[in-house]
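S.K.: Pasting a structure here, questions to come.
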Amino acid sequence: MGEKRKIKIYTSYYAKVKELRENNIVPISISLKSPEWFNGLSIRDFAPEWSFMKLPKEEYKKAYFKKLDSININIPLRHVQSIAGDKDVALLCFESLKTDRHDDWCHRTMLAEWFKKNHNFNMIEFITQKDIDKAKKEKDKKILKDSQGSLF
């Protein structure tokens, strides 16, 4: 009997749902609310609290990490596994990091940082070849850097 394949966990945003599904990646909401049209599943354990929304970045991060530290991480991870089966997943929020108010950060980037720090597990932003080609054309170093990541 073969070893079960490790799933990859990406981060992304709702505007990428169609591309994610085309790549056989299961989209999962990790925001407090999801768009009305989103018919995927949600894991609220990874969502920030409403009270975090107006905090400056460092205070937000401290409060969000404290929330993550307080949960039994195995429960949401088992939920991810039950949703995904052997498919890769993408944890979604609203922010497109290039264009939204967060200036290249949001709670999904902090979640990835927290997982790396506390569980030595890498999550990377879902980036398509189309994104890489567009970044090259626009000389966007952030996307080109992120495209070099590897989960395992």
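S.K.: Give the number of residues within segment 12-41 that are surrounded by fewer than 17 Cβ atoms within 10 Å (Cβ to Cβ) and among the aliphatic types (A, V, I, L, M).
M.R.: Adding up the residues that qualify gives 3.
S.K.: Going by the structure shown, is Ser12 under 18 Å from Glu95 (Cβ atoms), in contact with a Phe, Trp or Tyr (Cβ under 6 Å, 6 or more places away or on another chain) and either touching a residue at least 24 places away in the same chain (Cβ under 8 Å) or among the small types (Gly, Ala, Ser) (or both)?
M.R.: Spelling it out, Ser12 is indeed under 18 Å from Glu95 (Cβ atoms), in contact with a Phe, Trp or Tyr (Cβ under 6 Å, 6 or more places away or on another chain) and either touching a residue at least 24 places away in the same chain (Cβ under 8 Å) or among the small types (Gly, Ala, Ser) (or both).
S.K.: From (1) surrounded by 15 or more Cβ atoms within 10 Å (Cβ to Cβ); (2) under 16 Å from the mean Cα position of the chain (by Cα); (3) modelled with pLDDT under 75, pick out the condition that doesn't hold for Asp104.
M.R.: The failed condition is (1).
S.K.: Restricting to segment 44-62, name every residue that is of a type in the set (Gly, Ala, Ser) and over 18 Å from the mean Cα position of the chain (by Cα).
M.R.: Quick first cut of segment 44-62, residues of a type in the set (Gly, Ala, Ser) only: 47, 51.
Selection gives Ser51 alone.
S.K.: Quick one: what pairs do we get from segment 35-63, first residue over 17 Å from Cys93 (Cα atoms), second in a loop (DSSP other than H, G, I, E, B) and among the aliphatic types (A, V, I, L, M), C-beta under 9 Å, 6+ apart or different chains?
M.R.: Pairs found: Lys62/Leu55; Ala63/Leu55.
The values are calculated or read from the model by the stated rules, or taken from the named source; none is laboratory data. Please read all numbers here as calculations on a predicted model, not as lab measurements. Note that each Cβ is placed from the backbone with ideal geometry, even for glycine, and that neighbours are counted across all protein chains shown.
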